[in-house]
Amino acid sequence: MNEIGTESNAVCYLCGNEGKVMYRHLTDTHFGAPGEWTLKACTGIDCGLLWLDPRPTIDDIGKAYRQYYTHGNMKDVCPSYWIRFIRAILHGMSTHLLRLHSERRRYKCMYLDKTPPGRLLEVGCGNGKRLARMRTMGWNVMGQEIDPAASEYARMQKGITVHLGPLETLDKSNEYDAIIVSHVIEHVHDPVDLLRNCHRLLKKDGLLLMLTPNAASFGHRTFGSAWRGLEPPRHLHLFTSKTLILLGKEAGFNRQRVWTTSVGAFGIGQQSRAPTGILSPGAGFMSPRDVCRGFWFQLAARWALLRDPDSGEECVLIAVK
């Protein structure tokens, strides 16, 4: 009953080339979704896309989210006071040492801090936390979500208006000054279609802002199959700066800028660990070792970014309609 139905996904979504196996027998070490998964890498010399093959079907992908962070009471898996205290100290130290305060502020508002507020849509708004923050900055916010549990939480707990349903069913063309897509594009079966709908919904000269894990990151090179950004089976595709530009062009965005950031590397390092056994649903255990690994990885990832600007843990794309 809990098994996830799959479908073949043999060739690259972007260029049609064959894929070679990068990792086999991947499991969901964070939210306990069933199954083992295979990740492939495109063999095209000018591509770099990674993807699951086979992947969950559209009808069954919801089973991978039953214990997701937007469901249930996350207080049940909240770390102890002392773990949270240690993390706060080390996180603050890394922020101070690396002078990340300004970048963290920009990151939290999806780099819209210098944009005059207007109508804002978040695609895949989850529990509404980010939109609530943007509302305090003067934005007129709305969310879109396909997960009924997350949508209900955003409406009831955050007071956010949410369109429940696929993005293509939101009939408000040329309506929004900005659209944010944070860690969503890697979850969808047809990324170009999602971006085409974003293009349709934006006003002329409107902004699209997108964050997604960077398949070419220092963290992926460091942790391999244990890298937090893989997250099988929910992450169907994993992108690089180059592949994001290709996506945007396919969707009609001709004015694009992309870079990578290591601002969230503490959490990536903290959560990038090999499986240690069977996880309970929604497992969120955090040890002092995990927190220390996050601290040292934040420092190392920042140094790597100085040497290689494409090595950040996340890709950031800004596109203008």
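The values are calculated or read from the model by the stated rules, or taken from the named source; none is laboratory data. Everything quoted here is computed from the prediction, not taken from an experiment. Note: ideal-geometry Cβ built from the backbone for every residue, glycine included; neighbour counts use all protein chains shown.
For the subset of the stretch 93-146 comprising residues that are out of contact with any helix residue (DSSP H, G or I) (no Cβ under 9 Å at 6 or more places or on another chain), of a type in the set (Ser, Thr, Tyr) and without any contact (Cβ under 8 Å) to a residue 24 or more places away in the chain, which member is nearest to Gly62 (Cα to Cα)?
If we take residues in the stretch 93-146 being out of contact with any helix residue (DSSP H, G or I) (no Cβ under 9 Å at 6 or more places or on another chain), of a type in the set (Ser, Thr, Tyr) and without any contact (Cβ under 8 Å) to a residue 24 or more places away in the chain, then Thr136 is nearest to Gly62 (Cα to Cα).
Out of the stretch 266-315, which residues are modelled with pLDDT of 90 or more, out of contact with any strand residue (DSSP E or B) (no Cβ under 8 Å at 6 or more places or on another chain), surrounded by 17 or more Cβ atoms within 10 Å (Cβ to Cβ) and not in a helix (DSSP H, G or I)?
The answer is Ser272, and nothing else.
Could you list, in sequence order, the residues of the stretch 134-183 that are touching a strand residue (DSSP E or B) at 6+ places or on another chain (Cβ under 6 Å), assigned to a helix (DSSP H, G or I) and farther than 18 Å from Pro117 by Cβ?
Ser151, Ala154, Arg155, Leu167
Evaluate the stretch 70-77: report whether one residue or more is within 19 Å of Ser272 (Cα to Cα), out of contact with any Leu (no Cβ under 9 Å at 6 or more places or on another chain), hydrophobic (A, V, I, L, M, F, W, C) and at pLDDT below 85.
yes
Within the group Val141, Val162, Val192, Val184, which residue is β-branched (Val, Ile, Thr) and within 30 Å of Gln298 (Cα to Cα)? I'd like the intermediate steps shown before the answer.
Values: Val141 fails: within 30 Å of Gln298 (Cα to Cα); Val162 fails: within 30 Å of Gln298 (Cα to Cα); Val192 fails: within 30 Å of Gln298 (Cα to Cα).
It is Val184.
Would you tally the residues in the stretch 223-245 being on the phi < 0 side of the Ramachandran plot, more than 16 Å from the chain's Cα centre (by Cα) and not aromatic (Phe, Trp, Tyr)?
The total comes to 4.
Let me spell it out: the conditions are (1) within 23 Å of Cys109 (Cβ to Cβ); (2) buried (at least 18 other Cβ atoms within 10 Å of the Cβ); (3) among the aliphatic types (A, V, I, L, M), and Met137 meets all of them except one. Which number is the exception?
Going through (1) within 23 Å of Cys109 (Cβ to Cβ); (2) buried (at least 18 other Cβ atoms within 10 Å of the Cβ); (3) among the aliphatic types (A, V, I, L, M) one by one, Met137 breaks only (2).
For the stretch 184-212, which residues satisfy the criterion of being under 17 Å from the mean Cα position of the chain (by Cα), charged (D, E, K, R) and in a helix (DSSP H, G or I)?
Selection gives Glu186 alone.
When only residues in the stretch 15-36 that are within 19 Å of the chain's Cα centre (by Cα) and not hydroxyl-bearing (Ser, Thr, Tyr) count, which is farthest from Pro56 (Cα to Cα)? I'd like the intermediate steps shown before the answer.
Going through the stretch 15-36, the residues within 19 Å of the chain's Cα centre (by Cα) turn out to be 26-33.
If we keep only those that are not hydroxyl-bearing (Ser, Thr, Tyr) too, we end up with 26, 28, 30-33.
Values: Leu26: 14, Asp28: 13, His30: 17, Phe31: 16, Gly32: 15, Ala33: 11 Å.
Ranking the qualifying residues of the stretch 15-36, first place goes to His30.
Could we say that Arg105 is surrounded by fewer than 23 Cβ atoms within 10 Å (Cβ to Cβ), at positive phi, over 16 Å from the mean Cα position of the chain (by Cα) and among the basic types (Lys, Arg) here?
Working: surrounded by fewer than 23 Cβ atoms within 10 Å (Cβ to Cβ): yes; at positive phi: no; over 16 Å from the mean Cα position of the chain (by Cα): yes; among the basic types (Lys, Arg): yes.
Here the answer is no, as Arg105 does not meet what is asked.
On the given criteria, is Leu26 in contact with a Phe, Trp or Tyr (Cβ under 6 Å, 6 or more places away or on another chain), closer than 25 Å to Ala251 by Cα and modelled with pLDDT of 95 or more? Walk me through how you get there before you give the answer.
Numbers: in contact with a Phe, Trp or Tyr (Cβ under 6 Å, 6 or more places away or on another chain): yes; closer than 25 Å to Ala251 by Cα: no; modelled with pLDDT of 95 or more: yes.
Judged against the criteria, Leu26 is not a match.
Please name all residue pairs, on different chains or six or more residues apart, with Cβ atoms under 9 Å, provided the first residue is in the stretch 2-16 and is within 9 Å of Cys42 (Cβ to Cβ) and the second residue is at pLDDT below 95 and of a type in the set (Val, Ile, Thr).
Partner pairs satisfying both residue conditions: Cys12/Thr43.
Which condition number in (1) within 15 Å of Lys63 (Cα to Cα); (2) outside any loop (DSSP other than H, G, I, E, B) is the one that Ile4 fails?
(2)
Test Thr169 against the stated conditions and say whether it is without any contact (Cβ under 8 Å) to a residue 12 or more places away in the chain and either of a type outside the set (Phe, Trp, Tyr) or over 23 Å from Phe297 (Cα atoms) (or both).
On the way: without any contact (Cβ under 8 Å) to a residue 12 or more places away in the chain: yes; either of a type outside the set (Phe, Trp, Tyr) or over 23 Å from Phe297 (Cα atoms) (or both): yes.
When the stated conditions are applied, Thr169 passes them.
Could you say which residue among Leu246, Leu238, Leu208, Leu202 is in contact (Cβ under 8 Å) with a residue 40 or more places away in the chain and in contact with a Pro (Cβ under 7 Å, 6 or more places away or on another chain)?
Values: Leu246 fails: in contact with a Pro (Cβ under 7 Å, 6 or more places away or on another chain); Leu208 fails: in contact with a Pro (Cβ under 7 Å, 6 or more places away or on another chain); Leu202 fails: in contact with a Pro (Cβ under 7 Å, 6 or more places away or on another chain).
Checking each option against the conditions leaves just Leu238.
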